[in-house]
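Some notes on the structure that comes next.
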């Protein structure tokens with residue numbers, strides 16, 4: 001079953017993806033599944049690497065002077081204000097500019113407001129983790145668009161037992177006040193359920209996606225965590241849905257929350 005079907009992503013969905021451990025991969029998996037169903041906008045409220053050509057149909061850069069992209073006949077430099085300017089299907093990647101690290105930067109909320117009405121589906125990477133499997137959040141993070149209808153928090157299934165340090169955790173100085181040791185179940189429960197964690201500022205339906213469950217031993221290693229998540233969610237009802245699986249292998253399991261999911 002496709003993950004867009006498990007998530008029940010329908011027309012006019014605006015999905016913000018936060019956390020660490022495969023946000024970008026998930027975003028483009030969703031985009032690919034939706035590609036032939038309508039117009040898909042992929043953007044960010046932070047920064048994302050410019051994707052590979054096969055991952056999109058059009059790259060839209062607001063800043064003028066991106067000559068490299070202007071040479072490509074399939075690239076639009078402006079979305080325009082008329083729906084007729086857009087084809088009926090495909091993936092549009094949209095950002096303000098491309099910086100020196102080959103990253104596409106965020107457009108303003110005002111610009112996003114003008115653009116989203118032209119699209120059937122909007123996918124937003126709303127958090128940054130420097131490619132590391134875990135992170136600590138600043139007070140202003142994640143950066144969730146006010147138009148979000150679904151927030152997906154991504155957590156890597158390979159983080160249990162991870163050494164706590166700069167190499168593995170983005171902003172480790174903000175990670176639960178811990179600077180050493182290894183990541184345990186209690187730490188990940190804090191990442192998920194702490195009001196200042198991954199679902200801070202979340203809007204709409206809240207989904208936890210535990211990614212990189214791609215081998216039997218990884219699944220078994222996470223069984224206690226999954227049980228704790230379901231039990232805690234009975235108490236506070238934070239999550240509407242919990243999915244475990246592997247974006248890489250396209251395998252997903254929708255966990256039973258005992259009538260809590262929506």
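Coordinate-derived values only; no laboratory data. The model shown is predicted, which means the values in this text are computed figures rather than measured ones. Neighbour counts are summed over all protein chains in view; Cβ atoms, including those assigned to glycine, are modelled from backbone coordinates with ideal geometry.
Please give the per residue volume of the convex hull enclosing the alpha carbon atoms of the stretch 1-61, rounded to a whole number of Å³.
112
Report the extension gain between residue 163 and residue 102 in nm, rounded to one decimal, defined as 0.36 nm multiplied by the number of residues separating them, less their alpha carbon distance.
Fully extending the segment from residue 163 to residue 102 adds 19.0 nm.
Which angle from 0 to 90°, rounded to the nearest 10, does the C-alpha axis of helix 23-34 make with the longest principal axis of the chain?
60
Stokes-Einstein diffusion coefficient for the chain at 37 °C in a medium of 0.692 mPa s, Rh from the Kirkwood formula over Cα pairs: what value in µm²/s?
174
Within the stretch 213-251, find all residues whose amide N lies under 19 Å from a label point positioned 7 Å from the Cα of residue 196 along Cα-to-beta-carbon.
No residues fall inside that zone.
For the stretch 144-242, just say rounded, prolate or oblate: build the C-alpha gyration tensor, square-root its eigenvalues into a ≥ b ≥ c, call rounded for a/c under 1.5, and beyond that prolate if a/b exceeds b/c, oblate if not.
Verdict is oblate for the stretch 144-242.
Quick check: residue separation of residue 253 and residue 47 times 0.36 nm, minus the Cα distance between them. What number comes out in nm?
71.2 nm
Antiparallel as a % of all DSSP beta bridges within the chain, to the nearest 5?
If we restrict to bridges inside the chain, about 20 percent are antiparallel.
What Kirkwood hydrodynamic radius do you get for the stretch 101-206 when you take the inverse of the mean 1/r over all pairs of distinct Cα atoms, in Å?
Here the Kirkwood hydrodynamic radius works out to 15.2 Å.
Nearest 10 degrees, 0 to 90: what angle lies between the long axis of helix 223-236 and the longest principal axis of the chain (Cα atoms)?
80
Once the convex hull of the C-alpha atoms of the stretch 153-208 is built, how many Å³ does it hold per residue, rounded to a whole number?
Residue-normalised Cα hull volume stands at 82 Å³.
At what distance in nm do the modelled label points of residue 146 and residue 221 sit from each other, each positioned 7 Å from its Cα along Cα→Cβ?
Here the modelled spin labels are 4.2 nm apart.
Return the calculated 222 nm mean residue ellipticity for the chain, to the nearest 500 deg cm²/dmol, obtained by summing -39500 (n - 2.57) across DSSP H runs with n ≥ 4 and dividing by the residue count.
The per-residue figure over the chain is -6000 deg cm²/dmol.
Taking 0.36 nm per intervening residue step and subtracting the Cα-Cα distance, what contour gain separates residue 11 from residue 109 on full extension?
The span from residue 11 to residue 109 would gain 33.2 nm if fully extended.
What order, most packed first, do the peptides 119-127, 105-113, 240-248 have when packing is the mean number of other Cβ atoms within 10 Å of each residue?
Going from most to least packed, we get 119-127, 240-248, 105-113.
Can you give the relative contact order of the stretch 3-254 as a percent, counting alpha carbon pairs under 8 Å and 6+ residues apart?
23
Quickly work out the residue 236-to-residue 189 label distance, labels modelled 7 Å from Cα along the C-beta direction, and quote it in nm with one decimal.
Going by the 7 Å Cα→Cβ label model, 1.1 nm.
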